[in-house]
Amino acid sequence: MMQSDVIEADLNRIIITDPFLGEYQRLIRDVVIPYQWRALNDEIPEAEPSHAMTNYRIAAGLEQGEFYGMVFQDSDVTKWLEAVAWSLSQKPDATLEKTADEVIELLAKAQCDDGYLNTWYTVKEPGLRWTNVAECHELYCAGHLFEAAVAFFNATGKRRLLEIACRFADHIDSVFGPNDGQLRGYPGHPEIELALMRLYEVTHEPRYQALARFFLEERGKQPYYYDIEFAKRGGSWHWDGWADAWMVKDKAYTHSHKPLSEQSEAVGHAVRSVYLMTGLAHITRMTGDEEKRQTCLRIWNNMVQRRMYITGGIGSQGIGEAFTSDYDLPNDTAYGESCASIGLMMFARRMLEMEGDAHYADVMERAFYNTVLGGMALDGKHFFYVNPLETHPKSIPHNHIYDHIKPVRQRWFGCACCPPNIARTLVAIGHYIFTPRPDALFINFYAGSEAQFTVSEHTLALNITGNYPWDEQVTIHFSQTHGVEHTIALRLPEWCAAPRVQVNGEAAQGEVIKGYLHLHRQWQEGDCITLNLPMTTRRVYANPLVRQAAGKVAIQRGPLVYCLEEADNGTELHNLSLPKESELREIQGIGVLTGKILLQAEGLRVLTAGEDTPLYSFDHRQTTVTRQTLTFIPWFSWANRGEGEMRIWVDEA
């Protein structure tokens, strides 16, 4: 167990003041957290039931009943707790904190004497603990508990949930490992690796780092552990609806087909892949292991250069929620799970901490401002699990390749991993805006915020103002009372062709290193950095190997990818095209899009032929082309005005 005198709370405070993201923070506090609490308690009649809180009450002996839900249902509660913790660090709320304390006491009652905590096995399959780590998410659920515990301790200073987490971690450490009598297994769904590293950073307990390293280094060794436990179970598998135990047998699906040191591609289940790599990158940074670093670089480069959507979405097929092959990026059947882009942000953040390269922040920003924001409706009560780049709602009910596609966001899901994951990410966004490293404070996004950092026992205080990502002007003011000598590293975004930076009204003098402008000086109270980041509207073209985007163009302004939507442009969006010579002009959104910048351009529409026109014709097209004004909206805001067609990639006339 941990010792009380080794724990240090995170003293860095980051408060979001941005008019854009600040509204999301308010939405999380006032709408999303209460709404998700109701969903977890099955108080939203029109939503799919959760039963997650009831499962805990049954496990604690407070109610009678049967377990309901997915094998990983516990994680919905702990991700919600983590969102609460981040929210409390932004704005204290005694009532919300009391509710969280009550949930934590419920978890304590549900925890077994030996530290084990998982309602599926406590209620539904007692006696079968740790018999199916390939499929059954015990270690994944433990990881989300650990992350919630760290966040809640940092936010409140309270140790109750941290003690629960450490008891469970100690139990897991006694069960898994290289010693005689221990299981040499590793999770089918990674998460615990990165969570153990966060737990280690707070408790300084070396066994937690050692356990994370064991899980990472044991993965993929032969004989395969999943085969060993499969044989011990007599060849049974958990997911009855999926034939032939493929989740056990397809080792690439879980990145366990060979040791990580021998892997070079992003494969299998996209969320599992990026969670795994987040854990690997975290331990690599802390240990300086060059072999692990090279693995991170190889898999990152394959994923981002060949298997990522323009939206920062990853995982291009619905079957297995998985990667396919290089440059295979279909638009209308794209999976792009919200959780996968969150995991991509987590991986990018660790790579940025390790490498200090703006490339990772560029990807992190792309994923956040497009897929992650798009995963939640503007009302905070509807969510996307899947994030396609093109939809044709009339076809969806009749074609099973679209079974995973929803043309509008849903109130909740039977598998509800995404809604609480989106909530915890949005409310914790401050820790993606800044990356404190020993050599510099890296500023990645320019969202309005107030922050304090400890530099050589001195406080460096600053605030960012502006209206990012809509306006090009950003200012950074320093407010600490004493001078602090340090380097501020300002990201120069890849989408910005001509950034301009001034310090106290004069052109900034610094060195550009890996996409960051490094400014070193003694920062005094009243010092001001001004950035001008022209939000030029730019056309984006895919690599010619991406066949699904051949002959097409996408539109991006700042970090935001834009799309056409039926509400503005009518149906049959596939018949619209954007001429090369057409200029895009900015207009202000109205209604639910108020405050957002829309784009318009003169385009062309192929008029629909009459019903008597042949399906196919020889030699010439029987079509008429007319002019039409095209309206593009930020893709994250689509499907907030009812059901309709949408597409990002547009034919370029």
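Amide H contacts of LEU560 (H built 1.01 Å from N, in plane; Pro and chain starts excluded): no residue 5 or more places away or on another chain comes under 5 Å.
Only Lys, Arg, Asp and Glu carry charge here, each on its Cβ (+1 for the first two, -1 for the last two); on that basis the stretch 538-651 has a dipole of about 560 debye about its Cα centre. Extension gain, VAL31 to LEU183: 0.36 nm times the residue separation minus the Cα-Cα distance gives 50.4 nm.
DSSP loop (so not H, G, I, E, B), at most 13 other Cβ within 10 Å: list which trypsin sites (Lys or Arg not before Pro) in the stretch 4-102 pass both filters.
Sites meeting the loop and neighbour criteria: none at all.
Distance from the C-alpha centroid of the stretch 155-169 to that of the stretch 629-653: 45 Å, rounded to the whole angstrom. Between the alpha-carbon centres of the stretch 53-94 and the stretch 284-302 there is a gap of 34 Å. The stretch 324-375 and the stretch 197-243 have their alpha-carbon centroids 25 Å apart.
Size descriptors for the stretch 17-119: radius of gyration and Dmax over Cα atoms are 14.9, 48 Å. Among the helices of the chain, those built from whole DSSP H runs whose Cα atoms reach 15 Å or more along their own axis and whose mean Kyte-Doolittle hydropathy is at least -0.5 are 74-90, 94-110, 138-156, 160-175, 192-203, 206-218, 270-287, 338-355.
Tell me, what is the FRET efficiency for ALA497 and ASP113 to the nearest 0.05, using R0 = 60 angstrom and their Cβ-Cβ distance as r?
The formula returns an efficiency of 0.45 here.
Sum up the charges of everything whose Cβ sits under 15 Å from the Cβ of GLU525, counting Lys and Arg as +1 and Asp and Glu as -1, but leave GLU525 out. Net charge in that neighbourhood comes out at -2. Averaged over residues, the count of other Cβ atoms within 10 Å places the peptides 376-387, 214-225 in the sequence 376-387, 214-225, highest first. Loop-located GluC sites (Glu not before Pro) across the stretch 553-630 with a Cβ neighbour count of 15 or fewer within 10 Å are GLU572, GLU581, GLU583, GLU611, with loop assigned by DSSP.
The length gained by stretching the chain between ASP326 and ASP379 to full extension, at 0.36 nm per residue less their Cα-Cα distance, is 15.4 nm. A straight chain from LYS98 to VAL175 at 0.36 nm per residue would run longer than the Cα-Cα distance by 24.3 nm. Over the stretch 460-577, the pair-distance histogram of Cα-Cα distances with 10 Å bins from zero comes to 12, 32, 25, 15, 12, 4, 0 percent, rounded to whole numbers.
Site pair THR629 and GLU611 shows an inter-label distance of 3.3 nm when each label is modelled 7 Å from Cα along Cα→Cβ.
Among the GluC sites (Glu not before Pro) in the stretch 28-106, those located in a DSSP loop and surrounded by at most 10 other Cβ atoms within 10 Å of their own Cβ are GLU46, GLU66.
Start at zero, step by 10 Å, and the Cα-Cα distances of the stretch 10-434 spread as 5, 23, 35, 28, 9, 0 percent across the bins. Each residue of the stretch 313-326 is assigned a 3J(HN,Hα), and the resulting list reads x, 9, x, 9, 10, x, 5, x, 6, 10, 5, 10, 10, 4 Hz, derived from the Karplus form 6.51 cos²θ - 1.76 cosθ + 1.60 (θ = phi - 60°), x at Gly and Pro.
With the cut-off at under 17 Å, measuring from each backbone N in the stretch 155-182 to a point 7 Å along the Cα-to-Cβ line of GLU105 picks out 158-164.
Read-outs throughout are calculated quantities, based only on the coordinates presented, and are distinct from any laboratory measurement. Being a predicted model, the structure only gives us computed values, none of them experimental. Counting neighbours? That spans all protein chains shown, and the Cβs are built from the backbone with ideal geometry, glycine included.
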